[in-house]
Amino acid sequence: MLSLVGIAIVAAGFAARLNPLLVAVAAAFGTGLAAGMGVLEIVAAFGRLFNTNRYICLVYLFLPLIGLLERLGIQVQAQRLIGGLKAATVGRTYLVFFVLRQVLAALGAKDLSGHAQMVRPVLAPMGEAVAEETLGRPLAPAERTLVRAHAAAAENIALFFSEDIFVAIGSVILIKGYLAANGIEVSPLDVSVWAIPTALVAVVIHGARLLLLDRRLKAAKGVVAS
Amino acid sequence: MIGISVAYDLAGLMFAAIAWRSARDAGNPRRLGAGLFWALLALSFLAGDYLGDLANGILVLALAVLGGFGLMGRGTEACAPREAREEQARRWGYWLFPILFLPPVIALAGTIWGPALTWNGRPLVDPKQGTLIWLALGIVAALAATVLYTRQRLGTPLRDARRLVELVGWAAILPQVLAALGGIFALAKVGDAVAALVGQYLTLDHRFPLVCAYTGGMALLTILMGNAFAAFPVMTSGIALPLLVGRFGGDPAVISAIGMLSGFCGTLMTPMAANFNIVPAALLELPDRNAVIRAQVPTALLVLVANTLLIQILGFPK
């Protein structure tokens, strides 16, 4: 029971908006000490686990390419592309992306998009350009934040509620393995097919929210940016 | 055989170049702290497998101190001006998009057909890490093609990488640090303690409250631990298997599949899932690091309610 102290440290640290790196280190020490590990033992375990999780940071290998493409004008080109579509709104643009993202991820092509390689260079600039077109003026800082944050949200939500439809994805394999370890045999398809209802619900719910975002932006049209 | 270490070496060299440039950034009053941070990260990627656990641990603590106490300052590498980028865009136009898709397409093709490539009877690329390795190779290929075709200096993409990575700053290592914390939780059997707690206090006799406890518990535990994969075995062995499946005859495949997706609702609402929520906010230069979470919370809560109803309706076919 004492080992739950780490979770308490995380919750308190985030609530107090302390630096998350320091919160994580404190939680690791709290948890390890509560579980009877020595200080050096905790440091070594943390180091080993940091090292084995390096693959997470490999996403930054994209940055030289993305940065160079930005220098070559990919954001400008994305805005030019969407600027040619008169029917485009922020919500519709993100919704089209959302559906494409869901369909491709469900087919196993989940790496085609991502925050570094798609949201920053293409999707968010498109959203901003369309929003400025809608409003007929430059975006206020809070509006810019809202439009950009919704680009990242569309990426996350579409991915989370579609990748499990593909049978060879990590979580489906985890579920199958966990159930097998508990004496229940299911095929990956048995699991992945039940991700479909939630995927459909997600596109309806988030699609409705995106169209509401359009209405919210339109309502701000007459307001002069401060 | 090309293993994952090739990708780590590439990342290490990139971070070393970033460290060199940030350490000499005259506009940053704390340039030495920044240089040290990226140099230590470079060391981790280049030599992490040879340092030993304790040295790796000290390295992480040093990174956390540099990042956590604001000793890195802020880099001053500027983006090319808008007019210059507009001119470049006129020149290269839509060719920029296929380049963007080249790495993931190479990764996909490599994952599917890569195992057929062999060298002296052994696979050319380690099939266990195929996707990541092919992605790294794809990025190198796309980068080389772009640099050659557009006649950029070799250092230019590295300058741009520094510009972007310094936007993220210390948060760049947060996902990896939180994954390590998840490992410590697992070592200390935090999941067992939660499961004991759930079993002790959960004395519900009706099906629907139990379904709510399972989906809500998945989301809540994921919020706290940052990872639905860590929450899944805890909540499933605590509630789903003994009660929903064992007592009420539910379908384990339906309940676990939708239970996992309830955990994903939690992922959308927590700063602990830094790679999805915090790093993107930094990459998009948002003033509030929780802005992405804020945009996601209403959808996450509504989908969580829907998941609860879906289990209640679909999970008990008999």
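Only the coordinates and a few stated rules stand behind these numbers; no lab work does. Nothing here was measured: the structure is a model prediction, and the numbers come from that model. We place every Cβ from the backbone using ideal geometry, glycine too, and count neighbours over all the protein chains shown.
Restricting to segment B:78-88, count the residues that are over 10 Å from A:Arg71 (Cβ atoms) and either within 7 Å of chain A (Cβ to nearest Cβ) or in a loop (DSSP other than H, G, I, E, B) (or both).
Summing the residues that are over 10 Å from A:Arg71 (Cβ atoms) and either within 7 Å of chain A (Cβ to nearest Cβ) or in a loop (DSSP other than H, G, I, E, B) (or both) in segment B:78-88 gives 3.
Here are the criteria: (1) closer than 30 Å to B:Phe37 by Cα; (2) of a type outside the set (A, V, I, L, M, F, W, C); (3) part of a helix (DSSP H, G or I); (4) facing chain A (nearest Cβ under 8 Å). Tell me which single one B:Gly130 does not satisfy.
Every condition holds for B:Gly130 apart from (4).
Regarding segment A:141-159, can at least one residue be identified that is more than 8 Å from chain B (Cβ to nearest Cβ), among the β-branched types (Val, Ile, Thr) and part of a helix (DSSP H, G or I)?
yes
Filter segment A:97-131 for residues that are without any contact (Cβ under 8 Å) to a residue 60 or more places away in the chain and within 14 Å of A:Ala202 (Cα to Cα); which is farthest from the other protein chains (Cβ to nearest Cβ)?
Result: A:Val103.
Kindly indicate whether B:Gly70 is surrounded by 18 or more Cβ atoms within 10 Å (Cβ to Cβ), under 26 Å from the mean Cα position of the chain (by Cα) and not aliphatic (A, V, I, L, M).
no
Any idea which residue in segment B:26-46 is surrounded by the fewest Cβ atoms within 10 Å (Cβ to Cβ), counting only those that are farther than 16 Å from B:Gln176 by Cβ and among the aliphatic types (A, V, I, L, M)?
If we take residues in segment B:26-46 being farther than 16 Å from B:Gln176 by Cβ and among the aliphatic types (A, V, I, L, M), then B:Ala26 is surrounded by the fewest Cβ atoms within 10 Å (Cβ to Cβ).
State yes or no: is A:Glu70 in a helix (DSSP H, G or I), among the acidic types (Asp, Glu) and more than 8 Å from chain B (Cβ to nearest Cβ)?
In short, no.
Just give me the residues in segment A:34-48 being in a helix (DSSP H, G or I) and either touching a helix residue (DSSP H, G or I) at 6+ places or on another chain (Cβ under 7 Å) or under 25 Å from B:Phe45 (Cβ atoms) (or both), in sequence order.
Selection gives A:Ala34, A:Leu40, A:Glu41, A:Ile42, A:Val43, A:Ala44, A:Ala45, A:Phe46, A:Gly47, A:Arg48.
So which residues in segment B:282-318 are touching a residue at least 12 places away in the same chain (Cβ under 8 Å), part of a helix (DSSP H, G or I), among the small types (Gly, Ala, Ser) and surrounded by 23 or more Cβ atoms within 10 Å (Cβ to Cβ), if there are any at all?
The answer is B:Ala300, and nothing else.
Would you call A:Ile56 out of contact with any Asp or Glu (no Cβ under 8 Å at 6 or more places or on another chain), hydrophobic (A, V, I, L, M, F, W, C) and under 30 Å from B:Ile133 (Cβ atoms)?
yes
Based on this model, can you work out whether A:Leu33 counts as more than 8 Å from chain B (Cβ to nearest Cβ), free of Cβ contacts under 8 Å to residues at least 60 places away in the same chain and more than 24 Å from the chain's Cα centre (by Cα)?
yes
Scan segment B:1-29 residue by residue and report those that are in contact with a Lys or Arg (Cβ under 8 Å, 6 or more places away or on another chain) and not in a helix (DSSP H, G or I).
B:Met1, B:Arg24, B:Asp25, B:Asn28
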